[in-house]
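A.B. asks: Encoded as structure tokens, here's the structure I'll be asking about.
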Amino acid sequence: MNLHTPAAPATIEVSQTIANSPGYWSTVGSRLMRDKVTLFFGLLLLAIVLAAILAPWISPTDPYKTNILRRLKDIGYPGHPLGTDQTGRDMLARLLYGGRLSLFMGVTPVAIALAIGGLLGVLAGYAGGALNMAIMRTMDIFYAFPSVLLAIAISGALGAGIGNAILSLSIVFVPPIARVAETITTQVRTLDYVEAARASGAASLRIIRIHVLSNVLGAIFVYATSLISVSIILASGLSFLGLGTKPPEPEWGLMLNELRQAIYVTPYVAALPGVMIFLTSLSFNLLSDGLRSAMDLKS
Amino acid sequence: MFIYIALRLLYTIPIALGVTIFVFALIHLSGDPLSAIVAPDATAETVEKLRKDYGFDKPLPVQYLVWLGKTLQGDLGTSIVNARPVLDTLLAAVPNTLMLAIFATLVGFTMGCLLGGLAGYYQGSIIDKLATGIGIAGVSVPHYWLGMVLVIIFAVELRLLPATGMGAGGSSAWQWDWEHIKHLILPTVTLSVIPCGIITRTVRSTVAEILSQEFVQALRAKGLMHGQVMRHVMRNAAPTVLAVMGLQLGYLLGGSILVETVFNWPGTGYILNDAIFRRDIPMLQGTILLLAMFFVFLNLIVDIVQTWIDPRMRRS
């Protein structure tokens, strides 16, 4: 549950092979195909994402429809294969629909942070000097907060809501992405061929676009995929605390919170939303690990 | 090395100031800072008077300096909800959170070193695969859910351990008796899963990296046994691993809010949760400031200790 696992940014190295080895992506592809664990969890993730997208078409019933007579039914109850929740709503339908908000709230902050953090990091790394100081030292302030605390502080002050939760998580993920982008840009800037491009009179923007981005993008993209797993846990965690989605929306974290009292009646049903969060987060983590080792051609 | 420590201390000052600016800004993020205090039907006059009393009519930099001055003197303001000083409430809760975080870090550290060390030493073996699996599960699991699952297993099904609270009858002051220890077990195990996963992964990759260095081959060629080689590896891995452990303690202090909510543990996370829902902004600010400052301080200590125990860093 944090962004500072030293293994992550430390292992990202500038790969000088990208530009001039034509078989790079096919090598990565064939490596991924041979990696059975990554392949399995990649497919599992695909299934979870598809189930969430297709929920309106594949869901057996309406996820909002309550039924007081059928409250807290256990797994396998006729008509409700995964039971019902505390107001008698169908759990299977809610779990399918729940993926929509949970995935959206988990992936969006990382995508926003990828754009903003990547921009700030490349800018700081390429410009160097005072601008670098200004950007990176500001980022350091956000590093002074444990990520969970930072997300809860901002959401708590802004108040509950999906937009506020996404905003607070985006702020959490900008600094680590900026730091990775800055490190790589600084390294790339001093490489011989980039120096050569500059000496031959190429414009800064052109150098950034061609030489810097081709190195930075792949690395921060892989790093960002590992952040999605944290983001999903945190986003659902905010909803679990009542800071994200509001009832009666189906969302895994919120469902988990609503079913907290149900553990004495239908414990297995109560644990189901968490299983979904766990599987999704695990899949993103393994996929990111697999991608990283497949893209690291030196190993 | 003393120069390094002095520089590191100096560097902490702007960070700490930045943290205070952020925490100060929180009250204005929440919209009109008066909205939580004033009754909705209050007259414009009352609102203006309150605005003056609280100093919200002054320019922001002045407000910040006044607030900072008070904070530096240990005055974190009074709670809007119970009118008690924020610091008193916090000081009562900090030991509970600290205890949970320290025990969880110790458990996670022990498990992580064991699993990660074995995995790194016997790379590719069954133990390695198992430890890697546990490591990745540890960093992927939503711990608030794990807490619920443990409650379901050990409190609801097996009836071995209490589900929530810190002691019998809603006790919020720790005592070293069996009743309190029983309440500590499940939250500790739940919270320890995160450092366990991260430390397993760190130790494994650090050990693997050290083993691939030439000096290890030299040691083996010299005829050292497995255990003796491992001793050298451990000495080399210690700075990195200890640094990660120190930071984890900081994360758990700040991140225990979810676990404290699941277990109704009377710590800082519980206070924070309560403050959020009653819109008790001074309480929210105070808790976050205290936890963040603790994290800054811990970072400082970790850096200094790391320099101190690693002779390579001492020289540079």
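Since every read-out is calculated from the coordinates, none of them should be taken as a lab result. Computed from a predicted model, the values in this text were never measured in an experiment. Because the Cβ atoms are built from the backbone with ideal geometry, glycine has one as well, and the counts that use them run over all protein chains shown.
A.B. asks: Taking neighbour Cβ counts within 10 Å as the exposure measure, how do A:Trp57, A:Trp252 sort from fewest upward?
C.D. replies: A:Trp57, A:Trp252
A.B. asks: Follow-up. Based on other C-beta atoms within 10 Å, arrange A:Glu249, B:Glu260, A:Glu195 from fewest to most.
C.D. replies: A:Glu195, A:Glu249, B:Glu260
A.B. asks: Could you tell me how many degrees, from 0 to 90 and to the nearest 10, lie between the Cα long axis of helix B:86-121 and the main elongation axis, the longest principal axis, of the Cα atoms of chain B?
C.D. replies: 20
A.B. asks: Let me ask something additional. Across segment B:189-316, what fraction of all alpha-carbon pairs, as a whole percent, falls in each successive 10 Å bin from zero upward?
C.D. replies: Each 10 Å bin holds this share of Cα pairs: 11, 29, 27, 17, 10, 4, 1.
A.B. asks: Could you tell me the largest-minus-smallest coordinate of the C-alpha atoms of chain A on each of the three principal axes, in descending order and whole angstroms?
C.D. replies: 77, 46, 30
A.B. asks: Averaged across orientations, what area in nm² does the convex hull of the alpha carbons in chain B project?
C.D. replies: 21.4
A.B. asks: Okay, moving on. From the C-alpha gyration tensor of segment A:38-165, pull out the three semi-axes of the equivalent ellipsoid (sqrt of 5λ each), sorted largest to smallest, in whole Å.
C.D. replies: 42, 19, 11
A.B. asks: I've got another one for you. Averaged across the residues of A:263-276, what count of C-beta atoms belonging to other chains lies within 10 Å of each residue's C-beta?
C.D. replies: Rounded to a whole number, the mean comes out at 4.
A.B. asks: On a 32 Å Cα-Cα criterion, which of the cross-link pairs A:Lys73/A:Lys246; B:Lys129/B:Lys222; A:Lys65/B:Lys182 come out too long?
C.D. replies: Exceeds cut-off: A:Lys65/B:Lys182.
A.B. asks: Within 10 Å of each Cβ in peptide B:15-27, how many partner chain Cβ atoms are there on average? Round it to a whole number, please.
C.D. replies: 3
A.B. asks: Of the listed peptides A:200-207, B:70-77, what is their order by residue-averaged count of other C-beta atoms within 10 Å, with the highest listed first?
C.D. replies: The densest-packed peptide leads the list: B:70-77, A:200-207.
A.B. asks: Oh, and also: Which value, in Å to one decimal place, does the Kirkwood hydrodynamic radius take for segment B:1-125 when every pair of different Cα atoms is included?
C.D. replies: When all Cα pairs of segment B:1-125 are included, the Kirkwood radius is 19.2 Å.
A.B. asks: Could you work out the local net charge near B:Asn273, counting Lys and Arg as +1, Asp and Glu as -1, over the other residues with Cβ closer than 13 Å to its Cβ?
C.D. replies: Here the charged neighbours net out to -1.
A.B. asks: Continuing with this model, one more query. What is the projected area of the convex hull of the Cα atoms of segment A:224-299, averaged over all directions, in nm²?
C.D. replies: 5.8
A.B. asks: What order, most packed first, do the peptides A:255-268, B:284-297, B:83-96, A:23-36 have when packing is the mean number of other Cβ atoms within 10 Å of each residue?
C.D. replies: B:284-297, A:255-268, B:83-96, A:23-36
A.B. asks: Oh, and also: What ratio of Cα Rg to 2.2 N^0.38 Å holds for the protein assembly as shown?
C.D. replies: Taking N as the residue count of the protein assembly as shown, the ratio is 1.01.
A.B. asks: What is the mean number of Cβ atoms from other protein chains located within 10 Å of the Cβ atom of each residue in peptide B:252-265, rounded to a whole number?
C.D. replies: Mean inter-chain Cβ contacts per residue within 10 Å come to 4.
A.B. asks: Right, next: If packing is taken as the mean number of other Cβ atoms within 10 Å per residue, what is the order of A:236-248, A:117-129, highest first?
C.D. replies: Highest-to-lowest ranking by the protection proxy: A:236-248, A:117-129.
A.B. asks: Order these by the 10 Å Cβ neighbour count, fewest first: B:Phe263, A:Phe278.
C.D. replies: The order, fewest Cβ neighbours first, is A:Phe278, B:Phe263.
A.B. asks: For chain A, what are the DSSP H helices with axial Cα length of 20 Å or more and mean Kyte-Doolittle hydropathy of at least -1.0?
C.D. replies: A:36-53, A:91-127, A:129-143, A:162-189, A:213-240, A:267-295
A.B. asks: In straight Cα distance, which lysines are under 26 Å from B:Lys49, not counting same-chain residues fewer than 8 positions off?
C.D. replies: B:Lys58, B:Lys70
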